[in-house]
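Derivation of every value follows stated rules applied to the coordinates shown; laboratory data play no part. Note that the structure is predicted; figures quoted are calculated from it, not measured. Positions of Cβ are backbone-derived with ideal geometry, glycine not excepted, and every protein chain shown enters the neighbour counts.
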Ligand SMILES: [Fe+2]
């Protein structure tokens, strides 16, 4: 009887690496581990199926709305709806092109550590995947957002250089904070700089549009590239304002994360983006991010701490 019931039940199915339910991740976080491995055998059949559905339904949207560099990157990574990618395979395809590697993380990475990873050409990559019952809405990144939204662009040399430059801008912000003696002023100015940098990152890497002479208006922001609904809304909806990217405007522009973006900024190319990040870095060095407009996003103690100790 015992043997029979054992053979019927078989080995326990893998517990899954679902964003809302992943014991492996909870343990890592409880131990304070940010950088982890991708325990591939823990993905459940449902996780694999969710990945396949997400990738398959985005295909036609990417063909229509994504910029050319992204589509080329997608091909180079050989993503397949049949299986969640292994980060080591992504690195194998990506590193020879730009030096970028995917590095598994347990969740939120304090902002200085995140930017500093970019400087070292490492992309902190979430390994969990969203619950299959909620394909669209997602308050935090998952492997679909990080891998299908971000990583294809990391095969493009100009985009990769822009990311590295973000890391250098963050290093400049940390350096400036160290130079300010008064503790209150140090925190106030640093909070402002982190807020300005977060806005810049949001309106470019996460939600950026590009106007290409040959292709017209296309999407390159990862938040858009990983959203079935918003990618079309960003390009087609008449109510969205699409304005040329200006460092001064962007660093002072609050954003909210819980609805489609009503305002998007347009760059001309990834070389143009690289120039803009360079401008950001100069502005940080010149103290021009020390008084950005108040408002979203909030800057956490953890983020501040990461700049002061990182
Ligand atoms: Fe992202």
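Pairs needed: first member in segment 221-234, more than 19 Å from residue 134 (Cα to Cα); second member anywhere, within 11 Å of the ligand (Cβ to nearest atom) and not in a helix (DSSP H, G or I); C-beta distance under 7 Å; at least 6 residues apart or different chains.
From segment 221-234, the pairs are 221/207.
Within segment 135-144, identify whether any single residue is part of a helix (DSSP H, G or I), within 21 Å of the chain's Cα centre (by Cα), crowded, with 18+ Cβ neighbours inside 10 Å and within 16 Å of the ligand (Cβ to nearest atom), and answer yes or no.
There is at least one residue in segment 135-144 that is part of a helix (DSSP H, G or I), within 21 Å of the chain's Cα centre (by Cα), crowded, with 18+ Cβ neighbours inside 10 Å and within 16 Å of the ligand (Cβ to nearest atom).
Can you find even one residue in segment 19-27 that is crowded, with 17+ Cβ neighbours inside 10 Å and under 27 Å from residue 209 (Cα atoms)?
no
Residues that are farther than 15 Å from residue 276 by Cα, more than 16 Å from the ligand (Cβ to nearest atom) and within 15 Å of the chain's Cα centre (by Cα), at least 2 per element: which strands (runs of 3 or more DSSP E) completely within segment 189-249 meet that?
none
Which ones in segment 118-134 are in contact with a strand residue (DSSP E or B) (Cβ under 8 Å, 6 or more places away or on another chain) and either within 13 Å of the ligand (Cβ to nearest atom) or farther than 24 Å from residue 271 by Cα (or both)?
123, 124, 125, 126, 127, 128, 129, 130, 131 - these are the residues of segment 118-134 that are in contact with a strand residue (DSSP E or B) (Cβ under 8 Å, 6 or more places away or on another chain) and either within 13 Å of the ligand (Cβ to nearest atom) or farther than 24 Å from residue 271 by Cα (or both).
For segment 101-117, give me each residue that is assigned to a helix (DSSP H, G or I) and touching a strand residue (DSSP E or B) at 6+ places or on another chain (Cβ under 7 Å).
114, 117
So how many residues does segment 235-250 have that are within 11 Å of residue 265 (Cα to Cα) and without any contact (Cβ under 8 Å) to a residue 24 or more places away in the chain?
5
Residues that are in contact with a strand residue (DSSP E or B) (Cβ under 6 Å, 6 or more places away or on another chain) and surrounded by 23 or more Cβ atoms within 10 Å (Cβ to Cβ): does segment 158-180 have at least one?
Scanning segment 158-180 turns up no residue that is in contact with a strand residue (DSSP E or B) (Cβ under 6 Å, 6 or more places away or on another chain) and surrounded by 23 or more Cβ atoms within 10 Å (Cβ to Cβ).
Before we move on, is residue 280 touching a helix residue (DSSP H, G or I) at 6+ places or on another chain (Cβ under 6 Å) and either within 16 Å of the ligand (Cβ to nearest atom) or within 18 Å of residue 111 (Cβ to Cβ) (or both)?
Spelling it out, residue 280 is indeed touching a helix residue (DSSP H, G or I) at 6+ places or on another chain (Cβ under 6 Å) and either within 16 Å of the ligand (Cβ to nearest atom) or within 18 Å of residue 111 (Cβ to Cβ) (or both).
So residue 152 passes all but one of these: (1) surrounded by fewer than 22 Cβ atoms within 10 Å (Cβ to Cβ); (2) within 14 Å of the ligand (Cβ to nearest atom). Which condition number does it fail?
(1)
Look through segment 249-269, keep the residues that are out of contact with any strand residue (DSSP E or B) (no Cβ under 8 Å at 6 or more places or on another chain) and buried (at least 20 other Cβ atoms within 10 Å of the Cβ), and return whichever of them is farthest from residue 160 (Cα to Cα).
Of everything passing the filter in segment 249-269, 261 is farthest from residue 160 (Cα to Cα).
When the residues of segment 63-76 are narrowed to those that are assigned to a helix (DSSP H, G or I) and touching a strand residue (DSSP E or B) at 6+ places or on another chain (Cβ under 9 Å), which ends up surrounded by the fewest Cβ atoms within 10 Å (Cβ to Cβ)?
Going through the qualifying residues, I end up with 68.
What is the one condition in (1) in contact with a strand residue (DSSP E or B) (Cβ under 9 Å, 6 or more places away or on another chain); (2) in a helix (DSSP H, G or I); (3) within 27 Å of residue 229 (Cα to Cα) that residue 94 does not satisfy?
If we test residue 94 against (1) in contact with a strand residue (DSSP E or B) (Cβ under 9 Å, 6 or more places away or on another chain); (2) in a helix (DSSP H, G or I); (3) within 27 Å of residue 229 (Cα to Cα), just (3) comes out false.
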